[in-house]
Amino acid sequence: MIEIIDIPVGKVVPPLEDVLSEQGIHDLSLVSERTRLLAEKSIADYSESADPKGIIGGISNSDFSHVYGGEGGNQIDTPLDLVYPKASALALFAVTLGNDISKRVNAYFDEEEFAAGSMLDSAASAGAELSADYAECYFRKKLLEKGNYAKQTGVMRFSPGYCGWHVSGQKKLFEYLHSDKIGIELNDSYLMKPLKSISGVIVMGSKHIFEFEDNFTFCAECSDHSCLERIKSLKENN
């Protein structure tokens, strides 16, 4: 069943450290007063402009195989190739912050307030990730309610455009979800509009199915190797 999720904006307001991290600043002790104030203002702007929504729908492993195949552009070997056949549950999802926050970012740049625009863009990127996390937690809660979640169960999400899943995979994903119901559209390059949107698949299964090395051919192009942190987090959260 496909469900629309109303995401309370208060649940996905990014903390100061996340906004600054998007700016490449990872040590708060090095932050100037001006930068801190800009970041705090961006969080206030975000809280006023963001309109987070989500859509989620369970999908069988065989149906996901069709969606994942997309337009045939995937890398030959990917983490998802290893993980999803062993999954005990899968769900497609999409989340968005809406159009207003992108308009506000653009307005700052039009007014040549580049620092404010850049900081709000960072806040929106961090907020979009939190919205995707919210969808993941929503899926986990549904599984808990059905008694399908145990101590050794893990949940991880993957998105088109990353980890060897070609961005054209968005097309079949959106056809399945009907993401236009929450105002997300795809352009001819398979990019989402509104810009601050995330889509993908949430995979649930025994934690050991997520243990893979980041030694795929495309891993050399990755800037942060965040999959390793997520795998580590899965192991630590019992």
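Bear in mind that the values in this text are calculations on the coordinates, not laboratory data. Predicted model, so just to flag it, every value in this text is computed and none were measured. Note that each Cβ is placed from the backbone with ideal geometry, even for glycine, and that neighbours are counted across all protein chains shown.
Averaging over all projection directions, the Cα-based convex hull of the range 120-238 occupies 8.6 nm² in the image plane.
Projecting the Cα positions of VAL9, PRO79, GLN23 onto the charge dipole of the range 2-236 (unit charges on Cβ atoms of Lys, Arg, Asp and Glu, taken about the Cα centre) puts PRO79 furthest along the positive direction.
Give, rounded to the nearest 20 debye, the magnitude of the charge dipole that the range 98-238 has about its Cα centre when Lys and Arg contribute +1 at Cβ and Asp and Glu contribute -1 at Cβ. If you can, show how the numbers build up before the last one.
Working: 17 positive and 21 negative charges, 195 e Å.
With Lys and Arg at +1 and Asp and Glu at -1, about 940 debye.
Charge tally around PHE158: other residues with Cβ under 13 Å, Lys/Arg +1 each, Asp/Glu -1 each, net 0.
Counting only Cα atoms, the size of the range 1-106 along its three principal axes is 53, 30, 26 Å, in decreasing order. The Cα center of the range 12-31 and the Cα center of the range 196-222 differ in position by 24 Å. Here the sum of -39500 (n - 2.57) over DSSP H runs of 4 or more residues, divided by the residues of the chain, equals -13000 deg cm²/dmol at 222 nm, to the nearest 500. Put in line by how crowded their Cβ is, counting other Cβ atoms within 10 Å and starting with the fewest, ARG104, ARG34 read ARG34, ARG104.
For the peptides 83-89, 123-129, the ranking by mean Cβ contacts within 10 Å, running from highest to lowest, is 123-129, 83-89. When PHE218, PHE174 are sorted by how many other C-beta atoms sit within 10 angstrom of their C-beta, beginning with the fewest, the order is PHE218, PHE174.
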